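**Student:** I have a structure I would like to understand better, so I am pasting it below and will then ask my questions one at a time.
The values are calculated or read from the model by the stated rules, or taken from the named source; none is laboratory data. What you see is a predicted model; the values in this text were computed from it and never measured. Because the Cβ atoms are built from the backbone with ideal geometry, glycine has one as well, and the counts that use them run over all protein chains shown. These area figures cover heavy atoms from the full protein model, side chains too; ligands, DNA and RNA do not enter into them. Shrake-Rupley method; radii C 1.70, N 1.55, O 1.52, S 1.80 Å.
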Amino acid sequence: MKECQANLKSDDHTSRSSTNSLFTIRTVRYGECQKNQAANVGGYAVDGCREFIPCADEGSNGALTCAACGCHRNFHRREVETEVVSDCSSSSSNCCR
């Protein structure tokens, strides 16, 4: 599955110390294709493409086209996984309370 990762630094959410920072890590994956191939005849049928595979490297024209089914990336189901991580610059064990 095509996987993108974005690291976003948020404001300090603790009042104990300015050395604690929270980071939100979002991993975006694109799953199966949901394009209705039979929409023009009034039906519903998907092509069975199970994951988005880009035709070219990120940043190029083919990066948004699926190599498996030829659809645009927007037709593939988007899955976002969010993880919040605390980064402590202190070596003490109680810095992240």
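**Student:** Between residues in the stretch 47-69 that are under 12 Å from TYR30 (Cβ atoms) and residues that are small (Gly, Ala, Ser) and assigned to a strand (DSSP E or B), which pairs lie under 7 Å by C-beta distance while being six or more apart or on different chains?
**Tutor:** Taking only residues 6 or more apart or on different chains, the pairs are GLU51/GLY31.
**Student:** Considering only residues that are assigned to a helix (DSSP H, G or I) and open to solvent by less than 40 Å² (accessible area, probe 1.4 Å), which ones fall in the stretch 23-80?
**Tutor:** The answer is GLY62, ALA63.
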